[in-house]
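Report on the following structure.
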Amino acid sequence: GQQVMQIPQYQHVQEGEDFTTYCNSSTTLSNIQWYKQRPGGHPVFLIQLVKSGEVKKQKRLTFQFGEAKKNSSLHITATQTTDVGTYFCAQQGAQKLVFGQGTRLTINP
Amino acid sequence: ETGVTQTPRHLVMGMTNKKSLKCEQHLGHNAMYWYKQSAKKPLELMFVYSLEERVENNSVPSRFSPECPNSSHLFLHLHTLQPEDSALYLCASSQDRGQIKQFFGPGTRLTVL
């Protein structure tokens, strides 16, 4: 079945350091979405990438979609304590979303 | 606040109990979903409803029974659950089944004793 591999599973950084999570697929993706889930919360949609090589920014967050549309990344510059949580990528399957395992980010203030 | 509400937020039940989880969306969406989120596992899609019709059932055990009486409400009826069913159950909705952006509810934290 469709699978999206996400790495790393956990990441701990000092506040102010950068953070990156990667999402990889063995098949070409039509699009990819990113969600954030705060501790004790629920997933919240961040962004959707559709075009090959697409790069989108939201303040300190940079999202990239690979040229071959088989991978994606989320990069956070100069992390803040408000960035803690689990970041999920999700790919569109047959009329449904398939989520990666998520990367849990913790930050040392 | 995403416009998707779930009740109860926490539920503890024995293996012989029958309970129901409720989800309501106030967004005018046509598709609703149940997900299971266990520790150290990806979000698992359980059921998809589109215009009140079940369109996806991901090999979920029959002890989980969904119901969608209208496009705004979704239930998950639970009976004779197992301790391994303890998890966070998330409801989500989207404009249509093909719409990818999903709005999640806060979830119900279920513990089966």
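The table below lists the values:
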read-out	value
The stretch A:19-46, residues that are loosely packed, with under 12 Cβ neighbours inside 10 Å and more than 23 Å from B:Leu88 (Cα to Cα)	A:Ser26, A:Thr27, A:Thr28, A:Ser30
Residue match in the stretch B:1-20 (condition: surrounded by 13 or more Cβ atoms within 10 Å (Cβ to Cβ), within 9 Å of chain A (Cβ to nearest Cβ) and at pLDDT below 95)	yes
Residues satisfying the stated conditions in the stretch B:87-113, i.e. more than 21 Å from A:Gln33 (Cα to Cα) and under 13 Å from the mean Cα position of the chain (by Cα)	B:Ala87, B:Leu88, B:Thr108, B:Arg109, B:Leu110
Yes/no for B:Arg109 being more than 19 Å from A:Cys89 (Cα to Cα), modelled with pLDDT under 95 and out of contact with any Ser or Thr (no Cβ under 6 Å at 6 or more places or on another chain)	no
Any hit, the stretch A:47-61, residues being surrounded by fewer than 12 Cβ atoms within 10 Å (Cβ to Cβ), touching a residue at least 40 places away in the same chain (Cβ under 8 Å) and more than 21 Å from A:Val13 (Cα to Cα)	no
Hits in the stretch A:26-82 (condition: out of contact with any Leu (no Cβ under 9 Å at 6 or more places or on another chain), of a type in the set (A, V, I, L, M) and over 16 Å from A:Gly100 (Cα atoms))	A:Val50, A:Ala68, A:Ala78
Residue count, the stretch A:75-109 (criterion: away from chain B (no Cβ under 14 Å) and without any contact (Cβ under 8 Å) to a residue 40 or more places away in the chain)	1
Residues satisfying the stated conditions in the stretch B:77-113, i.e. polar (S, T, N, Q) and surrounded by fewer than 15 Cβ atoms within 10 Å (Cβ to Cβ)	B:Thr80, B:Gln82, B:Gln99, B:Thr111
Qualifying positions in the stretch A:62-86 - small (Gly, Ala, Ser), surrounded by fewer than 16 Cβ atoms within 10 Å (Cβ to Cβ) and on the phi < 0 side of the Ramachandran plot	A:Ala68
Odd one out for B:Lys40 among (1) buried (at least 18 other Cβ atoms within 10 Å of the Cβ); (2) part of a loop (DSSP other than H, G, I, E, B); (3) within 11 Å of chain A (Cβ to nearest Cβ)	(1)
Filter result (outside any strand (DSSP E or B) and away from every other protein chain (no Cβ under 11 Å)) within the stretch A:39-74	A:Pro39, A:Lys51, A:Ser52, A:Gly53, A:Glu54, A:Lys59, A:Arg60, A:Gly66, A:Glu67, A:Ala68, A:Lys69, A:Lys70
Residue check, A:Thr21 under 18 Å from A:Gly102 (Cα atoms), more than 9 Å from chain B (Cβ to nearest Cβ) and in contact (Cβ under 8 Å) with a residue 24 or more places away in the chain	yes
Residue that is nearest to the other protein chains (Cβ to nearest Cβ), among those in the stretch B:49-102 that are closer than 28 Å to A:Cys89 by Cβ and of a type in the set (Asp, Glu)	B:Glu56
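The values are calculated or read from the model by the stated rules, or taken from the named source; none is laboratory data. Note that the structure is a prediction, hence the values are computed from the model and not measured. Using ideal geometry, Cβ is built from the backbone for each residue, glycine included, and neighbour counts are taken over all protein chains shown.
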